[in-house]
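Data block below; observations after.
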Amino acid sequence: MRVLVTGAAGMLGQDVVALLRERGHDVTAAGRADVDVTDAASLTAAVPGHAAVVNCAAHTAVDAAETDVEAAELLNATAPGLLGTACTAAGARLVHVSTDYVFSGDADEPYAEDAPVAPRSVYGRTKAAGEAAALAAQPDTLVVRTAWLYGAGGGCFPKTIARAARERGAVSVVDDQVGQPTWTADVARVVADLLEAGAPAGTYHATSSGRTSWYGFTQAVLASAGIDPGTASPTTSEAFARPAPRPAWSVLGHEALVAAGVAPIDDWALRWDAAAAAVLAS
């Protein structure tokens, strides 16, 4: 299969490109300088000849989006619609990567794929709009939501918290936000499996199974890094206020993957054990 990957230089994009190539697909890896996903003419030139497009491009600076609204809307809300239009014209399938931030975060059970969206931040609002725009423009789109990403190919929470613990000798981490730490390599596997299975159009969740808090994840990261987990202490979201509100509950369900015959990602702790050496060494 010939696949165009936009946002290919990002942490997730790198793993998507690598895995698709490993599986024998012909991949065009496109960074910002190669394809402008916010420009219809650029997409009209880039998409033809590809059977699928995996869109990993996004405005992911959650706090900055609260004031840089126009940039977030352009990349997160407008671009997916333009990609969908270009894919429909070229007969290509679109895989659009989205986020847990489309939900309010006030649930107490895993969010189903068809749960109503209720974003509380500019980032979440623009990503929810992007999902809708992609599906409206290309009804065969696969929306793949993920969350709490880490990987070897970019800056991420495990690298940051391990470095901070070493340098400061003590770190405080929120314990009242619960989610599913997820390795970008595992998301890449889900994307590849969905494409290869010809999965039905719609929304899928590519997050690890299980759940933990940021503080719980920190304990696992520090242990893997050879740092005393006691270096970390729990705190609250209220004590660690940020410009953009974070979902308190970012646990996503995986029923749609199972229905499509694609294996959900294993428990977060097992996957962190598999990923830790590569992530912390990068």
Any residue on another chain or 5+ positions along whose placed amide H is under 5 Å from the amide H of residue 92 is listed here as none
Convert each backbone phi in segment 130-140 into a coupling constant with the Karplus relation 6.51 cos²θ - 1.76 cosθ + 1.60 (shift: θ = phi - 60°), then list the ³J(HN,Hα) values in order as whole Hz, x for Gly and Pro. x, 4, 5, 5, 5, 5, 5, 7, 9, x, 8
Once phi for every residue in segment 270-277 is put through the Karplus expression 6.51 cos²θ - 1.76 cosθ + 1.60 (θ = phi - 60°), the whole-Hz ³J(HN,Hα) values, with Gly and Pro written as x, are 5, 6, 5, 4, 6, 8, 3, 4
Calc'd 3J(HN,Hα), segment 34-43, phi into Karplus 6.51 cos²θ - 1.76 cosθ + 1.60 (θ = phi - 60°), Hz, glycine/Pro = x, comes to 8, 9, 8, 6, 9, 10, 4, 5, 4, 6
List every residue whose amide H lies under 5 Å from the amide H of residue 149, counting only residues 5 or more places away in sequence or on a different chain, with H placed 1.01 Å from N in the peptide plane. 182
Between residue 281 and residue 168, what's the calculated FRET efficiency when r is the beta-carbon distance and R0 is 22 Å? Round to 0.05. 0.55
Take each of the peptides 16-25, 222-231, average the number of other beta-carbon atoms within 10 Å over its residues, and list them starting from the highest. 16-25, 222-231
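Mind ordering 269-275, 136-142, 204-210 by average Cβ neighbours within 10 Å, highest first? Mind showing how you got there, number by number?
Numbers: 269-275: 16.9, 136-142: 19.6, 204-210: 24.9.
Ranked by mean Cβ neighbours within 10 Å, highest first: 204-210, 136-142, 269-275.
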For residue 144, list long-range residues whose amide hydrogen, built 1.01 Å from N in the peptide plane, is under 5 Å from its own amide hydrogen. 96, 97, 98, 204
Rounded to whole angstrom, the alpha-carbon centroid of segment 69-90 lies from that of segment 105-153 at a distance of 15 Å
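If you count, for each residue, the other Cβ atoms within 10 Å and average over each peptide, how do 116-122, 183-189, 258-264 line up from highest to lowest?
Numbers: 116-122: 17.9, 183-189: 24.4, 258-264: 14.6.
The packing order, highest mean first, is 183-189, 116-122, 258-264.
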For the pair residue 109/residue 223, report the inter-label distance in nm, with labels modelled 7 Å from Cα in the Cβ direction. 3.0 nm
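Bear in mind these aren't lab numbers, they're just calculated from the coordinates by the rules spelled out. Quantities reported herein were computed from a predicted structural model and do not represent experimental measurements. So basically every Cβ, Gly included, is an ideal-geometry build from the backbone, and we count neighbours across all protein chains shown.
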